[in-house]
1. Quickly run through region 25-46 and pick out the residues that are at pLDDT below 95 and among the acidic types (Asp, Glu).
2. Go over the candidates Leu60, Leu99, Leu85, Leu49 one by one and state the one that is farther than 20 Å from Leu157 by Cα, modelled with pLDDT of 95 or more and out of contact with any helix residue (DSSP H, G or I) (no Cβ under 9 Å at 6 or more places or on another chain).
3. Would you pick out the residues in region 158-178 that are open to solvent by 60 Å² or more (accessible area, probe 1.4 Å) and within 29 Å of Gly25 (Cβ to Cβ)?
4. Taking the stated definitions as given, is Gly105 open to solvent by 50 Å² or more (accessible area, probe 1.4 Å) and in a helix (DSSP H, G or I)?
5. Give me a count of the residues in region 1-33 that are part of a loop (DSSP other than H, G, I, E, B) and out of contact with any Ser or Thr (no Cβ under 9 Å at 6 or more places or on another chain).
6. Could you grab me the full set of residues in region 64-87 that are without any contact (Cβ under 8 Å) to a residue 60 or more places away in the chain and either open to solvent by 70 Å² or more (accessible area, probe 1.4 Å) or of a type in the set (D, E, K, R) (or both)?
7. Can you tell me how many residues in region 57-81 are under 24 Å from His15 (Cα atoms) and not in a strand (DSSP E or B)?
Amino acid sequence: MPPETVLAFDTSAAHCAAALLLPDGRVLNRLEPMEKGQAEHLMPLLEELLAEGGIGWGDLTRLGVGTGPGNFTGVRISVAAARGLALGLGIPAIGVTRLEALAHGLPRPLLVAEDARRGEAYVQGFGLPGLETARLMSASALPDAPHVTGSALPDALPPALPLAEAIARIAASRSPGARPAPFYLRGADAAPPSDPAPVILP
């Protein structure tokens, strides 16, 4: 099987992250911290990365996208972009959770615990029986593990790869399946408006 040309991206936190895996072995990474504005910055960032790699959209063979958990709107931005690009380019888009990406390349057994704020953490075990399913837990009640990573734990192992590159490498090795979908472990923070709906005149 020829090497894949994979473009991966993630906007699940306060950033736009992207990586391009090229058949010649080159890997290009970009990370732009930003609290908001990912929807406006994502596509120009991806186009810059493709230009840096000397390829066009039609040269891609698959996409990788971070599906969360994380910022509710940020996750939807990336997933919607990946699904639209996959449809337009006729290539598969593979969803990868943030927890899987953080675990990629680290020793097992491993506990990933990412800060979810409000005193909670997104937690998933790799090679840890009973903890294989991602969940939301109290940050003060995290289980012990031989190896740990993630922002919710002190003295944790750093990720083996930049987030977007890990997503790209996982996507390159995974068989395409269902279209990527947001992976949420907590409901949206947005509340319905309290004002009455406007009256629509006939």
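The values are calculated or read from the model by the stated rules, or taken from the named source; none is laboratory data. These numbers were taken from a predicted model, which means no experiment stands behind them. Backbone-built Cβ (ideal geometry, glycine too); neighbour counts: all protein chains shown. Accessible surface areas use protein heavy atoms only, side chains included; no ligands, DNA or RNA. Shrake-Rupley method; radii C 1.70, N 1.55, O 1.52, S 1.80 Å.
1. Glu35
2. Details: Leu60 fails: out of contact with any helix residue (DSSP H, G or I) (no Cβ under 9 Å at 6 or more places or on another chain); Leu99 fails: farther than 20 Å from Leu157 by Cα; Leu85 fails: out of contact with any helix residue (DSSP H, G or I) (no Cβ under 9 Å at 6 or more places or on another chain).
Just one listed residue meets the conditions, Leu49.
3. Result: Pro158, Pro159, Pro162, Arg169, Ser173, Arg174, Ser175, Pro176, Gly177.
4. Taking the combined requirement at face value, the residue does not satisfy it.
5. Narrowing region 1-33 to residues part of a loop (DSSP other than H, G, I, E, B): 1-5, 11-14, 22-26.
Filter again for out of contact with any Ser or Thr (no Cβ under 9 Å at 6 or more places or on another chain), leaving 1, 13-14, 24-26.
Number satisfying all stated conditions: 6.
6. Thr73, Leu87
7. Number of matching residues: 17.
Conditions tested, residue by residue: (1) in contact with a Ser or Thr (Cβ under 7 Å, 6 or more places away or on another chain); (2) within 20 Å of Leu7 (Cα to Cα); (3) in a strand (DSSP E or B).
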site: Arg83; (1), (2), (3): no, yes, no
site: Val123; (1), (2), (3): no, no, yes
site: Glu132; (1), (2), (3): no, no, no
site: Val148; (1), (2), (3): no, no, yes
site: Ala160; (1), (2), (3): no, yes, no
site: Ile167; (1), (2), (3): no, yes, no
